[in-house]
Every structure is written in structure tokens, then in C-alpha cells.
2 protein chains.
Amino acid sequence: MSKIVECIPNFSEGQNQATIDGLVATAKSVPGVTLLDYSSDASHNRSVFTLVGDEVVIQEVAFRLVKYASEHIDMTKHHGEHPRMGATDVLPFVPIKDISTEECVDISKKVAERINKELQIPIFLYEASATCPERTNLAKVRKGQFEGMPEKLLEENWAPDFGDRKIHPTAGVTAVGARMPLVAFNVNLDTDNLEIASKIAKIIRGSGGGYKYCKAIGVMLEERHIAQVSMNMVNFEKCSLYRTFETIKFEARRYGVNIIGSEIIGLAPAKALIDVAEYYLQVEDFDYSKQVLENHLLG
Amino acid sequence: MSKIVECIPNFSEGQNQATIDGLVATAKSVPGVTLLDYSSDASHNRSVFTLVGDEVVIQEVAFRLVKYASEHIDMTKHHGEHPRMGATDVLPFVPIKDISTEECVDISKKVAERINKELQIPIFLYEASATCPERTNLAKVRKGQFEGMPEKLLEENWAPDFGDRKIHPTAGVTAVGARMPLVAFNVNLDTDNLEIASKIAKIIRGSGGGYKYCKAIGVMLEERHIAQVSMNMVNFEKCSLYRTFETIKFEARRYGVNIIGSEIIGLAPAKALIDVAEYYLQVEDFDYSKQVLENHLLG
């Protein structure tokens, strides 16, 4: 069974259809790579692509996309609401099947090295690939954005991991790294009081002293008149969905509030959900890779 | 995305290694077919193979296996503990991905017709492919076993679905049909009283007036001194695992007994478990085929 890696490059182009089409064509140019999805946002002026392939082809397609973006996106002319620092802004590699995060770190470093060598774009390694704790968090790495990067690269702590202390004139700087798959998981409460959802979000998220691998905010679903705890589960193996669900349930109880449902937005790895079934059914000794039939069908 | 069908032929040979090896070689002789597993039991004198492939290649490999078995297994000399009526005793086709049970019924009929035409083995269609209600159940179809089949085929209601009222002299009769994937799901109780497990099994199983698509018996796990409700979930889409789990929980309560764990034996389709997660997390509008990442990676 072959290894499967997901790559989710974010490009600083969400308006020029010709460039987006070129990126799509490039994404499809490597045999063995599947373009699962792509979406562009004009106000963010940004496009997000989702690709999968084995550990070899994913490196090739990632490089080709970064090259294409560097030749067709000019950051000196880029405007958009979303923070950004490069033509290819971030390039995460995510382990999907029969591959570890550590192996994806290796992949990210190889691609980063090649990008810098052949395209002269300076690279920050982030998330699991970060070379020091303050580079783990993308927001910190990207702080200052494209316009602030020339100065930032000269700061003592901000020499790039690959390349000189000098941005690429039009393609800026790219963050490359390995991370676990994200699961976007929202829990709906039977209250129209946003404050309750926000209070619960604050205590369950890592930054508030809650679960390290959970990001959460309270949001209002205006059309349904209900408040929601909206989460990004950034490592479902270290914090399963059932754990935040049960925690929200018992925290909501103090307000006399119940959970009325939940949502999973976009794609989720099967394991993130099967872990939940294992918990509630109290399954003993389940071997995910061997006992799930579909795992024997993949590649 | 291509359709995926599973085929689980049961052969009346579990002792002669040369014949088993020949079946394995035949199973591997069709490109695009994966032999997921095979196991032989000497006392049953029976082997069970698990193959997957698309709707075309699965038909070809099924036929080749039945042909090989008919040429190498002599039922007039077969002895074993397990009930059996043919060299290939049963040949079920199971929908795994992007294919319906109805389409697997069509597949089963095409293969059955070819087996009869080219090999002169009479066929009973069973399970979802059955042409009348009393042929749904394999035990009823196989009643009388190999030795009783010559007479049975002459009975008014037991003309084969394909072929004449005459067994194949050495290969007997084969049952061919489509069925849902089985999930073997056992629930462990914190009691050493087998009677409690047996009583619960009786009321949750279809034959006892319980869930139509659940088969259940009480068994004793001698080494752990606990009783277990052992189930075969024969259609997890019509009766999800959580439903029997929760029912066992509330039925056990009247005896002051709790569930202490469960087991899933062998392979289970991802959907059987993800359905469970959806229930417990109260997920709204989850689209299994679109939102589970792995579903985009298969074929």
C-alpha cells in the first residue's frame, strides 16, 4: 500500500481567472496526483488548492505550482483582505495514509530546499517543520506581511530557514511545513445567546487553557437564531471530536443549555470519525489500518 | 470514481494445500482484482476468500475460481464439519463503493448464468438475489447438503434458478447472491451469567422479534469470565451498530448489568462506523461520500 500525502497550497491570486486556470492545469500536470478541490475568493484575492498523491509525486506537483505562481503572481501589486506574504503564501503537507507527520516534515524540507535553490524564494519552515518554537505558528511567521518582509528578514531571529535575508522581488516569502489534517467541527446550542457559545469556546480552546489542539470561537447562526461553538480540530489524534463534544455538553449544562446538533464542514479523514465511534461503542483493541475495509483498497 | 464490489467465495477445501494454492493463484490471475484475505479451516474442510475489484473484473475472477474449484474439488469425497453443498459452496457479491445492492444482484445473476452455461453447475440465487422468499436464507437453500441435493432438486419448489434438476456429479450445487457487508459486532457485559446475554440476544435479533437485520447469540468468554452478546449485523444501513448497542445497554439495566466494552471482528466498512459517529455527535447533513476524504482517493 502506498503512502498518501495531501498538499494544500494557498496562492495569493483569487481574481485573475487566467492565472487560476494555469494553476489548475499545473496541478493536473503530474500523473498520480489528484486535485481534490480548489476554491478562489475574490475579496481575499486568494485561492486554496487541495491535492493528494504519493510522497514522490506530491513533491513534484508542489514545486511546479510554486514555480508557476512565482512566474504569474506579482506581490507588489497584490491587494486582498487575507494576510499574505508570498505568491505561494503557505504550502502545508499533511499525512493521510501510511505515512507519519515526521515523514511529511522531511518532504516539506526537501521541497523547501528545491524551491529556494531553483526559484530563489526564501522559505520559513512552520508548524511541525518549524526549526524553533516561535516559527510553529503561521500568524507569527507571516506577521508584517509581504510589505514588511524585507525588514523582518533582517531581524536577528528571522533569518529564513532556506535562502538569504532578502525577499524574492515579486514572489515574496513562502511558509512550508507539515501539519495534521484539520477538521472543522461546529457544535450548535439551543440558545440564541452568543455570549454562552463564546464563553464555552474560550475555555475549551488551547489558547484559553483548554485543549491544546482545539481552536474555537463562538458564532451566531443568524438565520437559525442559535449560537454555535465553531472549532478547528488541528490534531484529531491528540484531541478527538468526542472530547470537545462531551466537554461542550457538560459546560453548556451550567447555563441550562443543550447541544442540538453539530456540523462537519468540508472534508474529514475517516479516522477522525471512526475514533469517535470507537469511543462511544467502547470498542476494545480496534486496529484502524487493518480492520477498516477501505484501507485495503487504497493504492 | 469506479465501482467496487467485494466477493467472498467459500470453497469446500480446507486441507489440500495444492488446491488451496491453486485457488490463490487463480484469485490473483485477473488484473485489477485484489485478494484481501483468505483463510482455510481443516476441521471445516473449507476456505473463505475475500476479493475486491470493479464490477467487470470481479465477475471474471469469480467465474475462474468456480471453474478451478469444480476441476479440483470432488464433493463425493468431501468430509468436514461445516454444512456444504458444492465445491464452491456460496458465492456472495457485496456492494462496497459507488454501487447498489441491486447492481450486485445483476452481477450475481450474470455470473450464475455463466457458471451454469459453461460448467453445468446448477445454481440457487440467495439473499438479495433470491427469486422467492424461501431462498433468501442460505441455511434453507443448503438444507440436505451435498448428499441430499439430487433429491432436493426434484422437489416441486426446489428447481434451481439456473440449470437442470440435476447436480454436477463432483461440484454439486452453488448458491450465488448479493448481500450487504456483514459486520461482526460483539458487546461484553459485566456479568458471568450467560443466561443474561442469551436473553438479550434473543430479544434484539430479528428472529426473536427484534431488529430484522441483526443476528445474535449469547456466548461465554471463558478466559475473562464474562458473557457476551455476539452479533452479525447483516445490513448496517438499516440497523446501525449504535442501535443494538444502546438497546443492549437499556435491556441489560434490568439485570443490574452494564456494558464493559465491545469488539469488532475482522473487517468493517468505514461507513458502518462513521454512521455511529454521526449519531453520537448529532451531526447534521453529513454527506458520507463527499465529506470523507478517503472516498476521493479510491479508484
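Computed over the stretch A:1-98, relative contact order equals 44 percent, with contacts defined as Cα pairs under 8 Å that lie 6+ residues apart. If R0 equals 51 Å, the separation of the Cβ atoms of residue B:139 and residue A:106 corresponds to a calculated FRET efficiency of about 0.40. Within the assembled protein chains, the solvent-accessible surface assigned to residue A:250 is about 110 Å², based on a 1.4 Å probe.
What's the ranking of A:92-98, A:216-222 by average number of surrounding C-beta atoms within 10 Å, highest first?
Descending mean neighbour count gives A:92-98, A:216-222.
Dipole size of the stretch B:59-168 about its Cα centre, with +1 on Lys/Arg Cβ and -1 on Asp/Glu Cβ: approximately 180 debye, rounded to the nearest 20. State whether chain A is rounded, prolate or oblate according to the following rule on the C-alpha gyration tensor (a ≥ b ≥ c being the square roots of its eigenvalues): a/c under 1.5 gives rounded; otherwise a/b larger than b/c gives prolate, and the remaining case gives oblate. Prolate, since a/c reaches 1.5 and a/b exceeds b/c.
Annotation: aspartates and glutamates with alpha-carbon distance below 16 angstrom to residue B:140 (same-chain offsets under eight excluded): B:89, B:127, B:151, B:155, B:156, B:161. Spin-label model, residue A:253/residue B:157: points 7 Å from Cα along the beta carbon direction are separated by 5.5 nm. Within the full protein context, the accessible area of residue B:60 is estimated at about 50 Å² for a probe radius of 1.4 Å. Got a sec? Charge dipole of the protein assembly as shown, +1 on Cβ for Lys and Arg, -1 for Asp and Glu; which of A:214, A:95, B:128 is way out at the positive end? Working it through, the farthest residue towards the positive pole turns out to be A:214. Calculated on C-alpha atoms, the gyration radius of the stretch A:4-178 divided by its Kirkwood radius gives an Rg/Rh of 0.94.
The simple spin-label model puts a point 7 Å past each Cα toward its Cβ; for residue B:132 and residue B:217 those points are separated by 2.9 nm. Residues in the stretch A:184-191 carry Karplus couplings, in order, of 8, 10, 10, 10, 9, 10, 8, 9 Hz; the curve used is 6.51 cos²θ - 1.76 cosθ + 1.60 with θ = phi - 60°, and Gly or Pro positions show x. Assuming a ≥ b ≥ c are the square roots of the Cα gyration tensor eigenvalues, decide whether the stretch A:183-298 counts as rounded (a/c under 1.5), prolate (otherwise, with a/b larger than b/c) or oblate. Prolate is the answer for the stretch A:183-298, as a/c is 1.5 or above and a/b outweighs b/c.
Straight Cα distances below 13 angstrom link residue B:202 to the aspartates and glutamates B:251, with same-chain residues fewer than 8 positions distant left out.
Distances between placed amide hydrogens fall under 5 Å for residue B:211 paired with B:205, B:206, all partners being 5 or more residues away or on another chain.
The HN-Hα couplings worked out from phi for the stretch B:224-230 by the Karplus form 6.51 cos²θ - 1.76 cosθ + 1.60 (θ = phi - 60°) are 9, 6, 10, 9, 9, 8, 9 Hz, whole numbers, x standing for Gly and Pro.
A simple count of charges around residue A:232, restricted to other residues whose Cβ falls under 14 Å of its Cβ and scoring Lys, Arg +1 and Asp, Glu -1, yields +3. The string of couplings for the stretch A:19-29 from the Karplus curve (6.51, -1.76, 1.60, θ = phi - 60°) is 5, 4, 4, x, 5, 4, 4, 5, 4, 8, 7 Hz, one whole number per residue in order, with x for Gly and Pro.
Only helices enter this figure: runs of n ≥ 4 DSSP H residues, each worth -39500 (n - 2.57), summed and divided by the residues of chain B, yield -10000 deg cm²/dmol at 222 nm to the nearest 500.
Straight-line reach from residue A:3: taking Cα to Cα under 24 Å and skipping same-chain neighbours fewer than 8 places apart, the lysines in range are A:28, A:97, A:109, A:110, A:238, A:271, A:290, B:3, B:28, B:97, B:271, B:290.
Zone of residue B:282 (label point 7 Å along Cα→Cβ, backbone N under 13 Å): which residues in the stretch A:255-269? It comes to A:256-263, nothing else. Across the identical copies, the label point of residue A:249 (7 Å from Cα in the Cβ direction) is separated from its matches by 0.7 nm, in order from shortest. Across identical copies of the chain, residue B:217 has label-point separations of 5.8 nm, listed in ascending order, with the point defined 7 angstrom from Cα along Cα→Cβ. The calculated FRET efficiency for the pair residue B:164 and residue B:202, based on their C-beta separation and a Förster distance of 35 Å, comes to about 0.25. Over the C-alpha atoms of the protein assembly as shown, the Rg to Rh ratio, Rh being the Kirkwood estimate, stands at 1.06.
Across the copies of the chain, residue B:81 has label points (7 Å from Cα along Cα→Cβ) spaced 6.9 nm apart, shortest distance listed first. Annotation for residue A:195 and residue A:36: the two label points, set 7 Å from Cα along the Cα-Cβ direction, are 4.0 nm apart. Across the stretch B:4-178, the mean sequence separation of Cα contacts (distance under 8 Å, 6 or more residues apart), normalised by length, yields a relative contact order of 26 percent.
Neighbouring Cβ atoms from other chains, within 10 Å of the Cβ of residues in B:259-272, number 5 on average.
Rounded to the nearest Å, what's the spacing between the alpha carbon centres of the stretch B:179-256 and the stretch A:60-101? Just the number, please. One Cα centre to the other: 52 Å. For the stretch B:99-155, the solvent-accessible area with a 1.4 angstrom probe is 51 square angstrom per residue.
When only Cα pairs below 8 angstrom with a gap of at least 6 residues are kept, chain A shows a relative contact order of 15 percent.
The values are calculated or read from the model by the stated rules, or taken from the named source; none is laboratory data. Note that the structure is a prediction, hence the values are computed from the model and not measured. Note that we place each Cβ from the backbone using ideal geometry, even for glycine, and neighbour counts take in every protein chain shown. The area values use the complete protein model at the heavy-atom level, side chains included, leaving out ligands, DNA and RNA. Shrake-Rupley method; radii C 1.70, N 1.55, O 1.52, S 1.80 Å.
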